[in-house]
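As structure tokens, the structure follows; a few thoughts come after it.
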Amino acid sequence: MSGEIESEPCVGGTCGQCHWRSFCYRWATERNDVSLIRKLNRPKRSALRKAGIKTVKELAIFGRTKKPLEVKGISGVALSQFVRRAAVFEQGEPILHSPVRFPEKTLEVFFDIETEPLENICYLYGAVERRGTEQRYVSFFAESPEEEEGAWKAFWNYAADLKDFQVYYYTSYEKTVLTALSERYEFDHQLFERFFLNSTDLYAIVDRCTEWPSHSYSIKIVSKLLGFKYSEADPGGLKAALWYMDYVSNPEANRDLKRKIIQYNKEDCEAMIILKDWLAGKSRDFEEH
Ligand code: SF4
């Protein structure tokens with residue numbers, strides 16, 4: 001408070017929802033701080049500093065020039081991963097380091113839900129369907145928290161008709177929320193099994209097979225690095241949840257907010273298409289060379 005001591009942010013996975021994120025990212029970016037490397041936490045940053053490495057660039061150089069790689073307090077596996085991420089940061093381009101094979105299906109369904117955490121409700125199910133070169137967006141929206149069950153049932157009626165399909169989603173969040181809802185409402189559990197048996201978590205692939213020049217591998221960030229543009233300058237699920245609560249408080253006056261929520265959900269699905277195509281394209285290149 002007196003300004004005599006400056007804090008030293010260590011940017012990480014939780015920063016995306018923190019009020020201070022603009023300050024901390026700027027702080028870390030200006031210094032090229034090693035905490036910009038994904039999953040490089042405060043103890044590991046201290047270990048690197050003790051080894052004389054403060055910046056992403058220094059870590060990348062360390063990786064190129066020191067063999068074997070050793071830093072006290074960081075395992076060899078973790079250090080190799082940080083060094084690889086530092087090199088990707090320096091290069092500014094994402095890489096695929098292990099090829100991926102996607103199932104060949106007639107229909108691809110890029111699926112995303114929207115939730116309101118305070119009310120603990122899932123108010124929107126959205127999906128962009130792709131058949132060859134054709135795409136269409138479908139959504140199931142609860143006009144109020146009381147209509148959550150109606151949207152849930154409408155979504156599963158839709159899912160019951162899917163044939164020869166593969167669902168794509170990003171992170172295990174969708175499955176976690178849908179599992180909780182399947183216990184809340186009466187439901188055909190075989191349908192749930194079928195849906196998730198034919199599904200792929202794109203984040204699990206990103207986490208396992210790729211590196212990106214970013215501190216976070218959220219769908220917003222990775223799709224942006226591939227050239228995708230959201231309509232909103234700073235899109236996010238929490239922002240959409242606030243729009244939703246404003247919408248349900250006065251739907252007539254806030255029609256535009258419903259449109260924005262649906263647009264945001266659709267763009268998350270479209271961002272997954274960009275990512276999936278990039279992963280598939282890079283995998284083909286990988287196997288050809
Ligand atoms: S944004 Fe800054 S204050 Fe917030 S969690 Fe991240 S490092 Fe900490």
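The values are calculated or read from the model by the stated rules, or taken from the named source; none is laboratory data. Given the structure is predicted, the values throughout are model-derived calculations rather than measurements. Virtual Cβ from ideal backbone geometry, glycine too; neighbours counted across all protein chains shown.
Of the residues making up region 267-284, those that are of a type in the set (D, E, K, R) and within 15 Å of Gly236 (Cβ to Cβ) are Glu267, Asp268. Restricting attention to region 49-60, the residues being closer than 20 Å to Trp212 by Cβ and either within 11 Å of the ligand (Cβ to nearest atom) or buried (at least 18 other Cβ atoms within 10 Å of the Cβ) (or both) number 3. Scanning region 251-284 for residues that are modelled with pLDDT under 95 and either of a type in the set (S, T, N, Q) or not assigned by TED's automatic domain parsing to the domain that holds Gly132 (or both) gives a single hit, Asn254. Of all the residues that make up region 240-262, how many are touching a residue at least 24 places away in the same chain (Cβ under 8 Å) and in a helix (DSSP H, G or I)? Of the residues in region 240-262, 9 are touching a residue at least 24 places away in the same chain (Cβ under 8 Å) and in a helix (DSSP H, G or I).
Among the residues of region 135-179, how many are in a helix (DSSP H, G or I) and more than 26 Å from Tyr217 (Cα to Cα)? Steps first, please.
Restricting attention to region 135-179, the residues satisfying the condition of being in a helix (DSSP H, G or I) are 145-160, 173-179.
Filter again for more than 26 Å from Tyr217 (Cα to Cα), leaving 145-160.
Total satisfying the criteria: 16.
Out of Ser2, Ser35, Ser22, Ser80, one residue alone is in contact with a Cys (Cβ under 7 Å, 6 or more places away or on another chain) and hydroxyl-bearing (Ser, Thr, Tyr). It is Ser35. Within region 81-91, identify whether any single residue is among the polar types (S, T, N, Q) and under 30 Å from Gln135 (Cβ atoms), and answer yes or no. No, there is no match, as no residue in region 81-91 is among the polar types (S, T, N, Q) and under 30 Å from Gln135 (Cβ atoms).
One line per residue, one yes/no per condition, for (1) within 13 Å of the ligand (Cβ to nearest atom); (2) outside the structural domain of Lys282 (by TED's automatic domain parsing); (3) not in a helix (DSSP H, G or I):
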| residue | (1), (2), (3) |
| --- | --- |
| His19 | yes, yes, yes |
| Thr29 | yes, yes, no |
| Leu40 | yes, yes, yes |
| Arg45 | yes, yes, no |
| Gly63 | no, yes, no |
| Leu69 | no, yes, yes |
| Ala86 | no, yes, no |
| Ser98 | no, yes, yes |
| Arg101 | no, yes, yes |
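Can you confirm whether Phe23 is of a type in the set (A, V, I, L, M, F, W, C) and near the ligand (Cβ under 8 Å from one of its atoms)? Spelling it out, Phe23 is indeed of a type in the set (A, V, I, L, M, F, W, C) and near the ligand (Cβ under 8 Å from one of its atoms). Ser80 meets each of the listed conditions (1) within 16 Å of the ligand (Cβ to nearest atom); (2) without any contact (Cβ under 8 Å) to a residue 24 or more places away in the chain; (3) of a type in the set (Gly, Ala, Ser); (4) outside any loop (DSSP other than H, G, I, E, B) apart from (1).
Checked against (1) within 14 Å of the ligand (Cβ to nearest atom); (2) at pLDDT below 95, Gly73 meets all criteria but (1).
Looking only at region 61-89, which residues are crowded, with 17+ Cβ neighbours inside 10 Å and out of contact with any strand residue (DSSP E or B) (no Cβ under 8 Å at 6 or more places or on another chain)? Correct list: Phe62, Gly63, Val71, Ile74, Gln81, Val83, Ala86, Ala87, Phe89.
When Lys105 is tested against (1) assigned to a loop (DSSP other than H, G, I, E, B); (2) out of contact with any strand residue (DSSP E or B) (no Cβ under 7 Å at 6 or more places or on another chain); (3) touching a residue at least 12 places away in the same chain (Cβ under 8 Å), just one condition goes unmet, and that condition is (2).
This table checks each residue for (1) of a type in the set (Ser, Thr, Tyr); (2) within 18 Å of Ala78 (Cβ to Cβ).
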{"residue": "Pro9", "(1), (2)": "no, no"}
{"residue": "Gln17", "(1), (2)": "no, no"}
{"residue": "Trp20", "(1), (2)": "no, no"}
{"residue": "Glu30", "(1), (2)": "no, no"}
{"residue": "Ile37", "(1), (2)": "no, yes"}
{"residue": "Asn41", "(1), (2)": "no, yes"}
{"residue": "Ser46", "(1), (2)": "yes, yes"}
{"residue": "Arg49", "(1), (2)": "no, yes"}
{"residue": "Phe62", "(1), (2)": "no, yes"}
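Within region 247-261, the residues that satisfy the criterion of being surrounded by 15 or more Cβ atoms within 10 Å (Cβ to Cβ) and either closer than 21 Å to Asn120 by Cβ or in contact with a Gly (Cβ under 6 Å, 6 or more places away or on another chain) (or both) are Tyr247, Val248, Leu257, Lys258, Ile261. For region 10-33, a residue qualifies if it is buried (at least 16 other Cβ atoms within 10 Å of the Cβ) and acidic (Asp, Glu), and exactly one does: Asp33.
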